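J.: Let me give you the structure first, and then I'll get to my questions.
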């Protein structure tokens, strides 16, 4: 199976490292950007399947980046999942109106983030979801066999699920 291309847009290096560790290398082909302009450049060049997007970024804000992708680029197929410390209903609804697939409030749960991202991927790409879930399960079973159970992931989501839990 082809890896899921994921662009992580986060300006805090510690959060980048946590996300890098939590998103399994066997499942995800990862790139990182620490500001909105670098992220837009990566997006245009690489065309990721998923963007994990912080809203509070230097140079170009995450919200401006979201508007650029959805309105100017007219891209509604890239799954965009916001990961932000902003948690007001207004902040969330502004992003929902622009067609995000998910909104995760910081601080993130490292053991859950891979499953949550995969759940949102299932919603955006149901055709590829079955393969992604199978790969996720395979990697998890290898971790368990190696005595690393629960080191970075919870149980995988079901590919038939239409709503994240």
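The values are calculated or read from the model by the stated rules, or taken from the named source; none is laboratory data. Note that the structure is a prediction, hence the values are computed from the model and not measured. Don't worry about glycine lacking a Cβ; one is built from the backbone with ideal geometry, like all the others, and counts go over all protein chains shown.
J.: Could you please tell me which pairs satisfy a Cβ distance under 7 Å, a separation of 6+ or placement on different chains, a first residue in segment 65-93 that is surrounded by fewer than 17 Cβ atoms within 10 Å (Cβ to Cβ), and a second residue that is in a helix (DSSP H, G or I) and modelled with pLDDT of 95 or more?
T.: 75/69; 76/70
J.: Are any of the residues in segment 138-156 touching a helix residue (DSSP H, G or I) at 6+ places or on another chain (Cβ under 8 Å), surrounded by 13 or more Cβ atoms within 10 Å (Cβ to Cβ), assigned to a loop (DSSP other than H, G, I, E, B) and at pLDDT 80 or above?
T.: No, segment 138-156 contains no residue that is touching a helix residue (DSSP H, G or I) at 6+ places or on another chain (Cβ under 8 Å), surrounded by 13 or more Cβ atoms within 10 Å (Cβ to Cβ), assigned to a loop (DSSP other than H, G, I, E, B) and at pLDDT 80 or above.
J.: Same structure, new question: So in segment 13-25, with the set limited to residues that are outside any helix (DSSP H, G or I) and surrounded by 14 or more Cβ atoms within 10 Å (Cβ to Cβ), which one is nearest to the chain's Cα centre (by Cα)?
T.: Within segment 13-25, the match that is nearest to the chain's Cα centre (by Cα) is 23.
J.: In this structure, is residue 162 over 26 Å from residue 15 (Cβ atoms) and either surrounded by 12 or more Cβ atoms within 10 Å (Cβ to Cβ) or modelled with pLDDT under 80 (or both)?
T.: yes
J.: Check segment 104-112 and report whether any residue there is at pLDDT 75 or above and under 22 Å from residue 75 (Cα atoms).
T.: yes
J.: Quick one: is residue 128 part of a helix (DSSP H, G or I) and exposed (fewer than 13 other Cβ atoms within 10 Å of the Cβ)?
T.: In short, no.
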